[in-house]
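J.: Can you read through this structure? Questions will come right after.
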Amino acid sequence: MEQFIIKGGTPLKGEVTIGGAKNAALGILAAAIMTDDTVHIDNLPDVRDINVMLEAISEIGAEVNRIDRHTVEITASGIRDVSVDDDFIRRIRASYYFIGALLGKYKDAKVPLPGGCNIGSRPIDQHLKGFKALGADVKIARGAVVARAERLTAAHIYFDVVSVGATINVMMAATLAEGRTILENAAKEPHIVDVANFLNSMGASIKGAGTDTIRIDGVKKLHGTEYSIIPDQIEAGTFMCMAAATRGNLLIKNVIPKHLESITAKLIEMGNEVEEYDEAVRVIGAKVQRHTDIKTLPYPGFPTDMQPQMAVTLSLAEGTSMVTESIFENRFKYVDELARMGGNIKVEGNVAVIDGIESFSGATVSAPDLRAGAALVIAGLAAQGFTTVDEIGYIQRGYECFEEKIKGCGGTIEKVDSDKAAAKFKLKVG
Ligand code: EPZ
């Protein structure tokens with residue numbers, strides 16, 4: 001079983017380049033099958049969830065030509081099956097985007113329901129509400145969503161919950177519905193805008209993405225396009241917290257600073273320096289950092305996907321901080337792991353009360369999910385001594401070359417697959 005072995009105590013320095021946004025790419029890859037023309041996509045993150053999505057696209061009959069790690073061409077004219085294989089759904093949740101894409105293009109889709117997830121139940125009722133409003137007959141049969149429609153007609157849809165997935169999924173289906181669909185209470189994340197821009201580059205007519213009201217004028221067909229994915233704001237934020245937690249000085253390149261505003265604001269509140277450039281930010285971690293409070297909210301609020309990483313950073317600040325997780329019901333599973341490293345966090349419902357500590361002490365911990373795993377790596381980099389992080393498969397779902405990028409900033413980390421290799425690394429770095 002692969003693990004990360006980390007020797008903490010070295011402030012991260014130098015620079016790191018951020019890759020394409022995983023959560024934009026997952027929606028864009030699904031949307032790519034909505035035309036029979038060839039679609040060329042670059043700045044794709046080479047992470048497991050993306051690679052599984054590409055396998056699923058190829059499995060239903062589309063031609064997938066991986067030009068290089070970060071570039072792919074998809075030609076979906078050969079799709080022969082609107083039913084997505086269960087195996088892919090089990091491995092990634094975002095395969096639910098196939099419902100919107102296949103329903104939009106073929107008026108027919110059969111996609112197994114995504115399983116639960118470590119961070120909460122994650123229902124898809126708002127997705128199904130949107131498809132029904134567009135005129136689809138939607139059933140749950142033998143664990144799969146079966147959605148069919150003679151034709152899709154525009155609707156005025158109000159989402160009861162601000163949902164990234166439902167906004168993207170219903171927006172996709174509505175691009176090929178007849179008439180003007182209005183989505184109210186839509187999510188506003190940068191990756192929603194990226195998927196909308198991608199669809200518009202294919203000939204869709206979408207206005208208002210990035211606001212809470214999106215207007216989609218249905219078109220008959222979509223055509224091929226060339227597109228580059230936006231930088232990943234969560235990967236960028238993860239390295240920002242890494243720099244602050246290790247008291248480093250790190251230039252984080254290939255970012256859109258505007259997408260990082262809530263993270264920047266909080267790190268500055270804590271006493272860190274954050275310098276913004278056109279396509280980069282520099283974080284200089286203050287020796288002594290102050291506590292602050294965080295409440296996760298839909299964009300432009302503080303992102304839930306940055307909650308564990310910020311909690312680790314706050315653990316190393318003076319005073320008591322409160323972190324309120326208002327999006328998912330089970331996103332504090334890393335707290336028990338941090339306690340093994342000396343963390344002092346008490347969870348009451350959806351609030352974590354964090355008492356600052358001098359430093360973490362290295363220990364063996366286990367990643368409970370993707371972002372919590374990244375947070376434990378940050379804790380290890382800031383800790384005294386060695387930390388072993390197990391279950392790093394979660395981390396590899398969303399972070400490309402995570403350990404190489406950290407090494408590139410002076411961090412002491414190694415991916416190992418045996419106790420012998422771990423011992424050898426510890427001997428080597430001493
Ligand atoms: C996306 O998940 C992201 N995943 C998540 O990132 C991210 O945490 C989340 O958005 C919030 O930003 C991808 O984009 C692949 P939601 P999604 O629908 O779309 C409730 C990561 O670490 N809800 O915005 O599934 C839901 O339970 C992952 O990269 C309903 O009630 O999230 C949650 O409480 C983790 N009914 C809230 O809305 C629905 O039909 C927000 O969920 C849909 C959602």
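J.: Helix by helix through the chain, keep the DSSP H runs that span 20 Å or more along the axis on Cα and average at least 1.0 on Kyte-Doolittle, and give those back in order. Write out the running numbers ahead of the final one.
T.: Details: long enough: none.
Correct list, ordered by number: empty.
J.: Okay, next question. Per residue, how much accessible area does segment 22-228 have with a 1.4 Å probe, in Å²? Each step should come with its number before you reach the end.
T.: Numbers: 7740 Å² over 207 residues.
Heavy-atom accessible area per residue stands at 37 Å².
J.: Could you list which residues have their amide H under 5 Å from that of Ile357, counting only those 5 or more apart in sequence or on another chain, with H placed in the peptide plane?
T.: For Ile357, whose amide H was placed from the backbone, the distant partners under 5 Å are Leu316, Ala317.
J.: Further question: Quote the accessible area belonging to Arg148 in square angstrom, nearest 10, computed with a 1.4 Å probe and with ligands, DNA and RNA left uncounted.
T.: 120
J.: What accessible area, in Å² to the nearest ten, does a 1.4 Å probe give for Glu403?
T.: 10
J.: Run the simple label-point estimate for Asp42 and Asp125 please: 7 Å along Cα→C-beta, distance reported in nm.
T.: In this crude spin-label approximation the distance works out to 4.5 nm.
J.: Using only DSSP helix segments of four residues or longer, with each worth -39500 (n - 2.57), what per-residue ellipticity at 222 nm results for the chain after dividing by its residue count and rounding to 500? Working shown, then result.
T.: Values: 15 runs with 142 residues, N = 430.
Computed ellipticity for the chain at 222 nm equals -9500 deg cm²/dmol.
J.: Which value, in Å² and to the nearest 10, is the accessible area of Tyr97 when all protein chains are kept and the probe is 1.4 Å?
T.: Approximately 10 Å² for this residue.
J.: Tell me the net charge near Asp160. Cut-off is 9 Å between Cβ atoms, Asp160 excluded, with +1 for each Lys or Arg and -1 for each Asp or Glu. Intermediate values should be presented prior to the final figure.
T.: Details: positive: Lys129; negative: Asp125.
With Lys, Arg at +1 and Asp, Glu at -1, the net is 0.
J.: By DSSP, what percent of the beta bridges with both residues in the chain are antiparallel, rounded to the nearest 5? Present the calculation step by step, with values, prior to reporting the outcome.
T.: Details: 57 of 80 bridges.
Percentage antiparallel, nearest 5: 70.
J.: What distance in nm lies between label points placed 7 Å from Cα along the C-beta direction at Met322 and Glu275?
T.: With each label point 7 Å from Cα toward Cβ, the separation is 3.6 nm.
J.: List the residues whose amide H sits under 5 Å from the amide H of Ser163, counting only those 5 or more places along or on another chain, with H placed 1.01 Å from N in the peptide plane.
T.: Residues meeting the amide H criterion: Ala187.
J.: Determine the distance separating the Cα centre of segment 36-105 from the Cα centre of segment 252-283; give it in Å without decimals.
T.: 33
J.: Going from most exposed to least, what order do Tyr399, Tyr227 have by accessible area with a 1.4 Å probe?
T.: Result of the area sort, largest leading: Tyr227, Tyr399.
J.: Another one. With the Cα gyration tensor of segment 22-228 giving a ≥ b ≥ c as the square roots of its eigenvalues, does the rule (a/c under 1.5 for rounded; else a/b larger than b/c for prolate; else oblate) give rounded, prolate or oblate?
T.: Working: a/c = 1.29, a/b = 1.14, b/c = 1.14.
Rounded shape, in that the Cα axes give a/c under 1.5.
J.: Testing the spin-label approximation: label points 7 Å from Cα along Cα→Cβ at Lys295 and Lys132. State their distance in nm.
T.: In this crude label model, Lys295 to Lys132 measures out at 3.1 nm.
The values are calculated or read from the model by the stated rules, or taken from the named source; none is laboratory data. Remember, predicted model here, so these are calculated numbers, not experimental data. Note that each Cβ is placed from the backbone with ideal geometry, even for glycine, and that neighbours are counted across all protein chains shown. Just so you know, the surface numbers come from the protein's heavy atoms only, side chains and all, with ligands and any DNA or RNA stripped out. Shrake-Rupley method; radii C 1.70, N 1.55, O 1.52, S 1.80 Å.
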